[in-house]
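Asks: Please find one structure pasted underneath; my questions will follow.
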Amino acid sequence: MLPTQCQTPVGPLVGMELPDLRNLLGPDQPAYRARQLYDALYRQQVANLSEISVLPKSLQNQLVTHTSMGLPAVERRFDSADGTRRYLLRLEDNRTVEAVLMPEEGRDTICISSQVGCPVDCKFCLTALMGLERNLTAGEIIGQVLYIVRDAGLELKSNRLNIVLMGMGEPLLNLEQVLKATRLLTDPSGIGLSQKRITVSTSGIVPKIAELGQAEVRPKLAISLNASSEAQRRELMPITRKYSLAALMEACRAYSLRPWEKLTFEYVLLGDVNDSDTDARRVVRLIANLNCKVNLIALNPGPGIPFETPAPERVTAFQHIVRQSVPCFIRKPRGLDIYAACGQLKRVAPDLLSLATEHQ
Ligand code: SAH
Ligand code: SF4
């Protein structure tokens, strides 16, 4: 494709797999050039085409002229008192997405977005208020990781790093790009993360769960359960009208886990709505006989979210009941002071400043 035939920019390069790069360079370049470019993009993680000194100058110049890297730029970074960093990243079309770094003792977790906004409309989630603007490309998905790793000076192969697709968006409505991003993140000759360290979370797009299960390279699966009965889930997550709770649980039972894998169920506790002992017992019945664990999240409040955070005693009482059947953890909210916690990601910088007055 390069050099002279193409007048319009090709790319972006980040997000291309080896066959894409071979295609881009065309038959005139020796086959190993694509491999060198791949190595520079993903193993060395260059931020700039001019850093790829292994390529001949002429090819480098062609790449600079005809392609773009496609890495995001930072629009703003918010640092929380608890060490959490929330990034507002600008894409090539000037739309912005959020990604969050949560450093902890012994491990770091990066929470990334899969869409700009989200079409799913869960009633407790701030991102839902944006609606869907567009899907992210595989390059834009991994670009968030590459940007943050560089910004925070993280070691990618250190086995400390976990990636969760739990930022903005419903990843299974963008499955093809999510799977491509996962292949790029896990390729041992590239970025080289383990599949065990990447998790995708879904609101329950039932047909896509089956499709995910068939992918050779795929993240671990977390299901946002968030309700204990069909009627309750329809209220809280209207997607349940399309894909019922019964069908979702059926898809979980049919999902083929790898030998090292457990399903995760996430459950957002909303005060006096889905947090009673009866709810906990119904959750236990729903997940009976599944190889799984449960993560409880007490609601992170936000403007325009018509629910209350339950008292800590309620959360532990719920945990106590579920824990009698399966491992059950309480997820600690991170970065609450900078609106970086689950369900609080909503877009552009001025929003953070005006968040308190919005949607009143
Ligand atoms: N769309 C996907 C992934 C992004 S949401 C999904 O729904 O699974 C990531 C997690 O945050 C989900 O488990 C969701 O239920 C939870 N969440 C959404 N809003 C929240 C809020 N206000 N407080 C706590 N958790 C929330
Ligand atoms: Fe979308 Fe997940 Fe928020 Fe629901 S909870 S609106 S699926 S991001």
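Asks: Please state which of the following conditions Asp93 fails to meet, knowing it meets all the rest: (1) part of a loop (DSSP other than H, G, I, E, B); (2) touching a residue at least 24 places away in the same chain (Cβ under 8 Å); (3) surrounded by fewer than 23 Cβ atoms within 10 Å (Cβ to Cβ).
Replies: (2)
Asks: Could you give me the residue pairs with C-beta distances under 6 Å whose first residue belongs to segment 196-212 and is within 13 Å of Ile239 (Cβ to Cβ), whose second residue is of a type outside the set (A, V, I, L, M) wherever it lies, and which are 6+ apart or on separate chains?
Replies: Ser203/Glu170; Ser203/Ser224; Gly204/Tyr243; Val206/Tyr243
Asks: Under 8 Å by Cβ, and 6 or more places apart or on different chains, what pairs join a residue from segment 228-253 that is more than 21 Å from Pro119 (Cα to Cα) with one that is surrounded by 13 or more Cβ atoms within 10 Å (Cβ to Cβ) and polar (S, T, N, Q)?
Replies: Ser228/Asn274
Asks: Still on this model: Counting just the residues of segment 187-208 that are touching a strand residue (DSSP E or B) at 6+ places or on another chain (Cβ under 7 Å) and β-branched (Val, Ile, Thr), which one comes out surrounded by the fewest Cβ atoms within 10 Å (Cβ to Cβ)?
Replies: Per the stated criteria, the residue is Thr199.
Asks: Could you check Tyr42 against (1) modelled with pLDDT of 95 or more; (2) loosely packed, with under 14 Cβ neighbours inside 10 Å and say which number it fails?
Replies: The failed condition is (2).
Asks: Could you tell me which residue of segment 313-360 is modelled with the lowest pLDDT, considering only residues that are open to solvent by 40 Å² or more (accessible area, probe 1.4 Å) and acidic (Asp, Glu)?
Replies: So, considering only residues that are open to solvent by 40 Å² or more (accessible area, probe 1.4 Å) and acidic (Asp, Glu), the one modelled with the lowest pLDDT is Glu358.
Asks: Considering only segment 10-32, I want to know if a residue exists there that is surrounded by 14 or more Cβ atoms within 10 Å (Cβ to Cβ) and among the aromatic types (Phe, Trp, Tyr).
Replies: Checking segment 10-32: not a single residue is surrounded by 14 or more Cβ atoms within 10 Å (Cβ to Cβ) and among the aromatic types (Phe, Trp, Tyr).
Asks: Out of all the residues in segment 288-302, which are farther than 20 Å from Asp272 by Cβ and either assigned to a loop (DSSP other than H, G, I, E, B) or within 15 Å of ligand 2 (Cβ to nearest atom) (or both)?
Replies: Answer for segment 288-302, where residues must be farther than 20 Å from Asp272 by Cβ and either assigned to a loop (DSSP other than H, G, I, E, B) or within 15 Å of ligand 2 (Cβ to nearest atom) (or both): Ala288, Asn289, Leu290, Asn291, Asn295.
Asks: Moving on to the next point. So which residues in segment 152-179 are open to solvent by less than 40 Å² (accessible area, probe 1.4 Å) and out of contact with any Leu (no Cβ under 8 Å at 6 or more places or on another chain)? Working first, answer last.
Replies: The initial filter retains those residues of segment 152-179 that are open to solvent by less than 40 Å² (accessible area, probe 1.4 Å), namely 152, 154, 156, 161-165, 167-172, 174-175, 178-179.
Once the filter is applied, which keeps residues that are open to solvent by less than 40 Å² (accessible area, probe 1.4 Å) and out of contact with any Leu (no Cβ under 8 Å at 6 or more places or on another chain), segment 152-179 yields Asn162, Val164, Leu165, Glu170.
Asks: Looking at Val322, is it under 22 Å from Met166 (Cα atoms), aliphatic (A, V, I, L, M), part of a helix (DSSP H, G or I) and within 16 Å of ligand 1 (Cβ to nearest atom)?
Replies: Values: under 22 Å from Met166 (Cα atoms): no; aliphatic (A, V, I, L, M): yes; part of a helix (DSSP H, G or I): yes; within 16 Å of ligand 1 (Cβ to nearest atom): yes.
It is false that Val322 is under 22 Å from Met166 (Cα atoms), aliphatic (A, V, I, L, M), part of a helix (DSSP H, G or I) and within 16 Å of ligand 1 (Cβ to nearest atom).
Asks: While we're looking at this one, here's another question. Listed residues Pro310, Pro303; which is within 16 Å of ligand 1 (Cβ to nearest atom) and either among the aromatic types (Phe, Trp, Tyr) or at pLDDT 95 or above (or both)? Walk me through how you get there before you give the answer.
Replies: Numbers: Pro303 fails: either among the aromatic types (Phe, Trp, Tyr) or at pLDDT 95 or above (or both).
On inspection, the qualifying residue turns out to be Pro310.
Asks: Given the options Arg107, Arg134, Arg86, name the one that is basic (Lys, Arg) and more than 16 Å from ligand 2 (Cβ to nearest atom). Explain how you work it out, then say what you get.
Replies: On the way: Arg134 fails: more than 16 Å from ligand 2 (Cβ to nearest atom); Arg86 fails: more than 16 Å from ligand 2 (Cβ to nearest atom).
Answer to the check: Arg107.
Asks: Another one. Please determine whether any residue of segment 221-232 is surrounded by 15 or more Cβ atoms within 10 Å (Cβ to Cβ), within 13 Å of ligand 1 (Cβ to nearest atom) and more than 26 Å from Pro306 (Cβ to Cβ). Steps first, please.
Replies: So the first thing to find is which residues in segment 221-232 are surrounded by 15 or more Cβ atoms within 10 Å (Cβ to Cβ), and the list is 221-229, 232.
Restricting the remaining residues to those that are within 13 Å of ligand 1 (Cβ to nearest atom) gives 221-227.
The next check asks that each one be more than 26 Å from Pro306 (Cβ to Cβ); those that pass are 221.
Yes, because at least one residue in segment 221-232 is surrounded by 15 or more Cβ atoms within 10 Å (Cβ to Cβ), within 13 Å of ligand 1 (Cβ to nearest atom) and more than 26 Å from Pro306 (Cβ to Cβ).
Asks: May I ask you to list the residues in segment 206-217 that are within 16 Å of ligand 1 (Cβ to nearest atom) and in contact with a Lys or Arg (Cβ under 9 Å, 6 or more places away or on another chain)?
Replies: Val206, Leu212 - these are the residues of segment 206-217 that are within 16 Å of ligand 1 (Cβ to nearest atom) and in contact with a Lys or Arg (Cβ under 9 Å, 6 or more places away or on another chain).
Asks: Still on this structure, please answer the following. Being within 13 Å of ligand 2 (Cβ to nearest atom) and open to solvent by less than 30 Å² (accessible area, probe 1.4 Å) is true for just one of Val145, Val120, Val149. Which residue is that? Reasoning before the result, please.
Replies: On the way: Val145 fails: within 13 Å of ligand 2 (Cβ to nearest atom); Val149 fails: within 13 Å of ligand 2 (Cβ to nearest atom).
On inspection, the qualifying residue turns out to be Val120.
Asks: Can I ask one more? Do you know which residues across segment 169-205 are away from ligand 1 (no atom under 14 Å from the Cβ), among the hydrophobic types (A, V, I, L, M, F, W, C) and assigned to a helix (DSSP H, G or I)? Before the answer, list the steps.
Replies: First pass over segment 169-205, keeping only residues away from ligand 1 (no atom under 14 Å from the Cβ): 176-177, 179-197.
Of the ones still in play, those that are also among the hydrophobic types (A, V, I, L, M, F, W, C) are 179, 181, 184-185, 191, 193.
Scanning segment 169-205 gives Leu179, Ala181, Leu184, Leu185.
Asks: Which of the residues that make up segment 96-117 are crowded, with 20+ Cβ neighbours inside 10 Å and touching a Lys or Arg at 6+ places or on another chain (Cβ under 6 Å)? Can you show your working first?
Replies: Residues of segment 96-117 that are crowded, with 20+ Cβ neighbours inside 10 Å, as a first pass: 96-102, 110-117.
Across segment 96-117, the qualifying residues are Thr96, Val100, Leu101, Met102, Val116.
Asks: On the given criteria, is Ala99 of a type outside the set (Ser, Thr, Tyr) and outside any loop (DSSP other than H, G, I, E, B)? Can you show your working first?
Replies: Values: of a type outside the set (Ser, Thr, Tyr): yes; outside any loop (DSSP other than H, G, I, E, B): yes.
Here the answer is yes, as Ala99 does meet what is asked.
The values are calculated or read from the model by the stated rules, or taken from the named source; none is laboratory data. A quick note: this is a predicted structure, and the numbers were derived from the prediction, not measured. Glycine also receives a Cβ, built like all others from the backbone with ideal geometry; neighbour counts cover every protein chain displayed. Note: areas computed on protein heavy atoms with side chains; ligands, DNA, RNA excluded. Shrake-Rupley method; radii C 1.70, N 1.55, O 1.52, S 1.80 Å.
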